[in-house]
1. Collect the residues in the range 170-205 that are hydrophobic (A, V, I, L, M, F, W, C) and surrounded by fewer than 22 Cβ atoms within 10 Å (Cβ to Cβ), keeping them in residue-number order.
2. Given the criteria crowded, with 16+ Cβ neighbours inside 10 Å and charged (D, E, K, R), does residue 652 qualify?
3. Which of the residues spanning the range 24-45 are within 41 Å of the chain's Cα centre (by Cα) and not in a helix (DSSP H, G or I)?
4. May I ask you to list the residues in the range 34-51 that are surrounded by 13 or more Cβ atoms within 10 Å (Cβ to Cβ), out of contact with any Gly (no Cβ under 9 Å at 6 or more places or on another chain) and farther than 23 Å from residue 342 by Cα?
5. Cβ-Cβ distance below 8 Å, separation of 6 or more or different chains: which pairs start in the range 498-527 with a residue that is closer than 20 Å to residue 486 by Cα and in the same structural domain as residue 563 (by TED's automatic domain parsing) and end on one that is part of a strand (DSSP E or B) and of a type in the set (Lys, Arg)?
6. Test residue 374 against the stated conditions and say whether it is buried (at least 19 other Cβ atoms within 10 Å of the Cβ), over 22 Å from residue 26 (Cβ atoms) and not assigned by TED's automatic domain parsing to the domain that holds residue 30.
7. Scanning the range 566-598 for residues that are over 24 Å from residue 619 (Cβ atoms) and buried (at least 16 other Cβ atoms within 10 Å of the Cβ), which turns out farthest from the chain's Cα centre (by Cα)?
8. What number goes with the only condition from (1) assigned to a helix (DSSP H, G or I); (2) not assigned by TED's automatic domain parsing to the domain that holds residue 31 that residue 60 does not pass?
Amino acid sequence: MIVSWNWLKEYVRLDIAVDTLTERLLMSGLNLESVSDVEGDMAIDLEVTSNRPDCLGHLGIAREVGTLFDREVKLPAAEPVAKGAETSRVTSVGIECLDHCPQYIARVVRGVKVGPSPLWMQRRLTTLGIRPVNNIVDITNYVLMECGQPLHAFDFDKLHGGRIVVRPARRGEKIVAIDGREYELSPEMCIIADADHPVAVAGVMGGKETEIAAETTNVLIEVAEFAPRSIRANARKLGLHSDSSYRFERGVDRHNLDWAGRRCAQLILELAGGELCAGSVFAGTVPAPITQPVRLRFAQLPRILGIDVPKSDVINILTKLGLKQVGNATAEHCEWLPPTWRRDLTREIDLIEEVARIHGYEKIPEDVPVPLTVSSRTLRDRVTDRVHDTLNANGFFESITLTFVQGEWIDLFRPWTNSPPLSVDHSSRRLENTLRQSVIPSLLAGRRENEKHGNFDARLYEIARIYLSADEPGKPENEPLVIGLVTGQSFAELKGVVTALAQTVNPAVDITVKPTDRAEFIPGRGCEVWLNGRRWGFCGELADAVRAKLDLHDPVSAAELDLALLESSADLSPKLAPIPTFPAIERDINFVLDEAVTWGELADAIRIAAGPLLESVVYVSQYRGPQIPPNRKSYVVRMSYRAADRTLISQDADAALRHVVNECKKKLDAHVPGSVVS
């Protein structure tokens, strides 16, 4: 934002040196870029941050100067005398896209005389780097640079139907802008049109057909509010940026539109003559007044700034900034309504920042003791660190994939829910428009890309959120954080990785598995994984049908686990256990069981029957073959026995083993070939 020194003096007394002014503005947040002499005027180039669009006009800078140097700010008059017919009888305005244009105000001045603007106005615009055109165009630019509200003037007689329509562009429409170039418009763009065709790209640039020319006699003044996102998108797509679009992108004072229109009309009457039609035509919605006060607790100032600012100074600073005090201040707090031009003041910390910058950052000592609290990593951070370390150590690489997936991917792997997924219908998401209910399809797509580039057996994992239900989005249970894994390893190997994950977080955790007949897995090679008696997730080798849909070449195993359940089971500081002093005795035994008996059932039966000397139960192998009766299978189990206070002898282990065998025969109809004691 370039500020004219001579222009700024119209609004606030400047009996100070330029260096003093710019240094104080710099210290309050308006960074100084340069100061240069332009034909006897000083052009002060200030960097205005995106949250301060109120400083994109001379009045905004004047308010800052008035606050910093305790000066009165004088607002220019904006009370034009209307003598013509009612504006509503001369023209009309319609808005067909309120989301792009919340409000639009039109005024009409008839009988103007277009010519050069006065020398004083030309000099002020020249100081800002704006080329003077004619009195009407120069006035709209002048008001823009005065208050920060963009305006546009149309040759009223060239508007077909004498009316304005704010609408989306139609496919195939084009416009020749005032820069002489033709632009093709698209339906997502907001435009200003007359009864027949576009006359301006809303908030960006006017059209050449309706621009003010020497023969213009009747003028329609546009003052509007356009949505920042809409203007930003239009300007970028067309490669067309202007002073107006720059301000609309950052947001204008939506309560100040009428003042800007009246100010423009008054200057036109003074400098170009003519007759102003009475009133104005308004379309859109009237902005609601600011009624929610912001509370400021005085104790927060020393806590955050490290210095104490007197209560009277706090109230004085906020009052000079244009805030209105609500009620009376107490010893603990005060409440304020921000002015319409400061929509960035919504929280207590915003008011504290305002007090700090006006009071002076330089008044905060460098060695002031500001109370600090040492931050610590959350339990989730510590658990995910363990997850990353474990999976990286097992050869897995972390992936980051899109939350949106193709709709047909949803059914590839969705063990958590049968609810319909949540989808969006938007031009930016035509293909991948569905929120995923599992991360596995995304990881499989990543594995496919690796296969295409000759990188086979890519082990990938991702920690991400999934979205289970479209009915109640936002509920924590419908948006769990999961750990997804895909690998070329076997089911048994992946199950070992899953077990290692849990035991890394808590060595004493209880992990069990239950067979599942889900279609995503090869029959007999998929399971539910349970953690401390609660379902943790799913693990298994994916069915050929799943691989075929993604053109995967090699077999794939996948697992998906609930991170929250793992977190709730964490014990990251387990108690120290002494190294065993006495040796263990191991016994291998072969159990022949019915096909329906699972390894988990056998292991549980052994643990219950083995007694206090049992240290571990380990699966060794499984066998089916000619030596085994039909519908029967053989599990070889390794049991380890140890005592903490003595060296066990064979009789100790054999006695415990006999009890295990007897109990397994009773409960599981188990048969143990050969001798029990090895």
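The values are calculated or read from the model by the stated rules, or taken from the named source; none is laboratory data. On a predicted model such as this, the values are computed, not experimentally measured, just so you know. Cβ placement follows ideal geometry from the backbone for every residue including glycine, while neighbour counts extend to all protein chains displayed.
1. Correct list: 176, 177, 178, 185, 195.
2. For residue 652, the condition - crowded, with 16+ Cβ neighbours inside 10 Å and charged (D, E, K, R) - is met.
3. Residues satisfying the conditions are 28, 29, 30, 31, 32, 33, 34, 35, 36, 43, 44, 45.
4. Across the range 34-51, the qualifying residues are 35, 41, 42.
5. Qualifying pairs under 8 Å: 527/514.
6. So residue 374 does not fit the description; no.
7. 570
8. That leaves (2) as the condition not met.
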